[in-house]
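Accompanying notes for the structure given below.
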Amino acid sequence: MLERLIRLWQLRAAVLRWLRRGWHLFVDRVVEPVMECAIRICGWSAILFIFAILFFVLWIAAPMLFGGLDLVEFFTSENWRPTSAVRPQFGILALLLGTLSVTALAMLLAVPLGLGAAVYVSEFSSGKLKETLKVLIELLAAIPSVVWGFVGMMVMGPIIIHFTGAPVGVNLLNGGVILALMSVPIIVSVGEDALKAVPDSYREAALSLGAGRWEMVYRVLFPAAKNGLLAAVLLGVGRAIGETMAVLMATGHAIQIPHSLLDPIRTLTATIAAELGETVEGDAHYRVLFVIGLVLFAVTFVVNLAADLVVKGIRSERTS
Amino acid sequence: MSHQYCAVLVAIGLLVAAGCGRSSEGIRMEGSDTMVNVAQAWAEKYHETHPEAVVQVLGGGSGVGIASLIDGNCDMANASRKMEDREIQRLKAKRGVEAKEHVAGHDALAVYVHKDNPLDTISLEELAEIYGEGGKIGKWSQLGVDSKVLATDEITRVSRQNSSGTYAYFREAVLGKGRDYKLGSIDQSGSKDVVALVANTPGAIGYSGMGYATPGVKMLRISKHKGEAGIAPTIENAKNEKYPITRPLWIYSAGEPEGQAKAFLDWILAPEGQKVVLDLGYVPVGEHAK
């Protein structure tokens, strides 16, 4: 009886040992590699997605891009008539100028406002006020773009008509102001980080030499943080160029080269968004919209790369 | 070792993704933005009397619906333009059936101006001069409208995005074949948006379905030639074809519809379905248009 109990106990211990070893084996051979690989996939996925998207856009655009599309007309004509029954024309000059003008206007408004706010938050506010401001600015960045578009159409539009006597309220000015408000949060948060990264010894040295606070900001902090501030501005530019829904609603979406602030305009992004849904798949029009996608891809890539190189510039400067 | 696991994981991911692609059974109707309201109303009304039938309605545009029909992702495609030859060819090549065309109603395109605009009637010729390439009308005073009332003399043209069925129809019916739009119009992405912008903009003129009228806008009477009496966009005038800019609303199916889809389509063309068309401000088809 006792012997049997002991043997049973030994058996149990053996089974447990075997199970434990199995578990360790399982963890070593299965769980670890799977986890490792899952994490690796996460890391590589960003690269994968970028190339997959680029490949996909290029794949659809290629038949038009390398044959059929007159690239000179594409970049120099303002006639965007992709569905004309007479002669379809694919000229994006007006759309390109629309994108550039609304981005330039937005930056003209957003850069002073954004950098000013960054300086205030970083250098002149403290404690609760600083925290509140930071939270509110982040909140501003979280407002969906369709809501901004709505504000442009329903609030800004009538205000513009009332004060300027413009025939229509959705135009370059409206789109520029809305885009500026959307880019400010990015400029503020990146700009503030750049200012915060300047060592306090710079500030102390400047103040001890008798500089005023404004002099300290203007003569010491700006030069010291100039790369970070430039990166903030470029990220804001990237945001403005890529924005779609808000500009579609606020700019008026009219194909013309703008001559005044009150002219309705149309951007590249909004053109794709508005037209792609109803084109015939595989059609010339459909493919040209993807070529526009490539143009946008190229522009935002250059802007982001510039921002990246500038940021890298800061790092190597600091380590040297 | 770990590469094998990676391959397995990716394969599982793809399988899961592929499994999600197919949605549940039911009648799927997709397409024209102009028709999406009426299609939704059909689906709801039909479900009341036929609780066993589930109708899914998607918008996205005439082109999207037709592409979806070609790929076999929907049973019926709504279209506010005719299916193009190459689309019919592709349907035949891909699914081996002919496209079947059904007219489910008519849409009278109304020309809208701001409610304070004193203009009452406009001729097709004048509309072509306002919207057409090289057209000579750009000021309200050219139409005899006192610019003081509108606070601007500039005519703000409101149009649709160039891939919309409404855009193509208005071009054909008003500008005539072989004429393009003047560039620089404000191109809206939805029928409703056109009316909303005209209501907000005293100097604007725009075209959109008759069913989208709101208290902020006024529908103009249309005459064929300048000086003739204008015809108001009403159901009555659209039905007897007096009103000059009326177009059919099409439903396309791949071959003759069968089973549930056929029952639904028959119901749409029957008096119950046509009453929905009328209720939403569109014009019912022929014999049921009482």
Query raised in the report: If amide H atoms are built 1.01 Å from N in the plane of the peptide, which residues on other chains or at least 5 residues away come under 5 Å of the amide H of B:Arg28?
Result: B:Gln56, B:Asp75, B:Met76
Query raised in the report: Using a cut-off of 15 Å between alpha-carbon atoms, which aspartates and glutamates can reach A:Lys226, once sequence neighbours fewer than 8 places away in the same chain are excluded?
Result: A:Glu192, A:Asp193, A:Asp308, A:Glu317
**Report entry** Spatially proximal aspartates and glutamates relative to B:Lys226 (Cα-Cα < 13 Å; intrachain offsets below 8 disregarded)
**Finding:** B:Asp120, B:Glu125, B:Glu126, B:Glu129
**Report entry** For residues of A:250-256, the mean tally of beta carbons on other chains within 10 Å
**Finding:** 6
Query raised in the report: Taking the Cα centre of the protein assembly as shown as origin and charging only Cβ (+1 Lys, Arg; -1 Asp, Glu), how large is the dipole, in debye to the nearest 20?
Result: 1520
Requested in this report: Considering the options B:Asn37, B:Leu265, B:Asn117, tell which one lies farthest towards the positive end of the dipole of chain B, charges being +1 on Lys and Arg and -1 on Asp and Glu at the Cβ, about the Cα centre.
Outcome: B:Asn117
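Given an 8 Å cut-off on Cα distances and at least 6 residues of separation, report the relative contact order of chain B as a percent. Don't jump to the answer; show the numbers that get you there.
On the way: 555 pairs, mean separation 72.5, N = 290.
Relative CO of chain B lands at 25 percent.
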Report task. Using only atoms on other chains, find how many Cβ atoms lie within 10 Å of each Cβ of peptide A:76-82 and report the average. Result -> 2
Report summary line: Quick note, segment A:1-127: a/c under 1.5 would make it rounded; otherwise a/b > b/c is prolate and the rest oblate (a ≥ b ≥ c, C-alpha gyration tensor); here it is oblate
**Report entry** Approximate shape of segment A:2-70 as ellipsoid semi-axes (Cα gyration tensor, √5λ), whole Å, largest first
**Finding:** 62, 10, 5
Query raised in the report: Between B:Ser141 and B:His225, how many nm apart are label points set 7 Å from Cα along the C-beta direction?
Result: 2.9
Query raised in the report: If you take the charge dipole of the protein assembly as shown about its Cα centre, with +1 on Lys and Arg Cβ and -1 on Asp and Glu Cβ, which of A:Leu207, A:Ala46, A:Val184 is farthest toward its positive end?
Result: A:Leu207
Query - Helical mean residue ellipticity (222 nm; -39500 (n - 2.57) per DSSP H run of 4+; nearest 500) of chain A - result: -23500 deg cm²/dmol
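Is the protein assembly as shown rounded, prolate or oblate when judged by the Cα gyration tensor, a ≥ b ≥ c being the square roots of its eigenvalues, rounded requiring a/c under 1.5 and prolate requiring a/b larger than b/c?
Details: a/c = 2.28, a/b = 1.23, b/c = 1.85.
In terms of gyration-tensor shape, oblate.
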**Report entry** Stretch gain in nm, segment A:Glu32-A:Arg20, where the contour uses 0.36 nm per residue and the Cα spacing is subtracted
**Finding:** 2.7 nm
Query raised in the report: On full extension of the chain, what length is gained from A:Tyr120 through A:Met154, given 0.36 nm per residue of separation minus the C-alpha to C-alpha distance?
Result: 9.1 nm
Report task. Treating only the Cβ atoms of Lys and Arg (+1) and Asp and Glu (-1) as charged, compute the dipole magnitude of segment A:109-205 about its Cα centre; round to the nearest 20 debye. Result -> 200
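Peptide B:159-166: average number of partner chain Cβ atoms within 10 Å per residue?
6
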Query raised in the report: Relative to a virtual label point 7 Å from the Cα of A:Asn304 in the Cα→beta-carbon direction, which members of segment A:136-150 show backbone nitrogen distances below 20 Å?
Result: A:141-142, A:145
Query - Förster radius 45 Å - calculated FRET efficiency between B:Ala263 and B:Glu172 (Cβ-Cβ, nearest 0.05) - result: 0.85
Report task. Enter the Cα centre distance for the pair segment A:208-259 and segment A:103-162, rounded to the nearest angstrom. Result -> 12
Requested in this report: Can you find, among B:Ala67, A:Val135, B:Val149, the residue farthest towards the positive end of the dipole of the protein assembly as shown? Put +1 on the C-beta of Lys and Arg, -1 on that of Asp and Glu.
Outcome: A:Val135
Query raised in the report: How big is the charge dipole of chain B about its Cα centre, in debye rounded to the nearest 20, if each Lys and Arg gets +1 on its Cβ and each Asp and Glu gets -1 on its Cβ?
Result: 500
Query raised in the report: With each pseudo-label sitting 7 Å past Cα toward Cβ, what's the A:Leu129-B:Asp116 distance in nm, one decimal?
Result: 4.4
Query - Ranked A:Ile159, B:Ile66, criterion: other C-beta atoms within 10 Å, fewest first - result: A:Ile159, B:Ile66
Requested in this report: Work through the residues other than B:Trp250 whose Cβ is under 9 Å from its Cβ and net out their charges, Lys, Arg +1 and Asp, Glu -1.
Outcome: +1
Query - Overall form of chain A per C-alpha gyration tensor (a/c, 1.5; a/b vs b/c) - result: oblate
Query raised in the report: Fewest first, what order do A:Asp193, B:Asp146 take by the number of other Cβ atoms within 10 Å?
Result: B:Asp146, A:Asp193
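Once you have the Cα-Cα distance between B:Glu133 and B:Ala53, take 0.36 nm times their residue separation minus that, and quote the gain in nm to one decimal.
Working it through step by step, the gained length comes to 23.9 nm.
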Report summary line: If B:Ile137, A:Ile187 are placed from fewest to most neighbouring beta carbons inside 10 Å, the sequence is B:Ile137, A:Ile187
Requested in this report: Could you pull out which residues in segment B:137-178 have an amide N less than 20 Å from a spot 7 Å beyond the Cα of B:Glu125, following the Cα-Cβ vector?
Outcome: B:137-145, B:171-178
**Report entry** Rounded FRET efficiency, nearest 0.05, which uses the C-beta distance separating B:Lys100 from A:Thr164 and R0 of 51 Å
**Finding:** 0.45
Query - Calculated from backbone phi, Karplus (6.51, -1.76, 1.60) coupling profile of segment A:56-64 in Hz, x at Gly/Pro - result: 4, 5, 5, 4, 6, 6, 3, x, 7
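Throughout, read-outs are computed from the coordinates displayed, never taken from laboratory work. If you're wondering where the values come from, they're calculated on a predicted model, not measured in any experiment. Every residue, glycine as well, gets a Cβ built from its backbone with ideal geometry; the counts of neighbours run over all protein chains shown.
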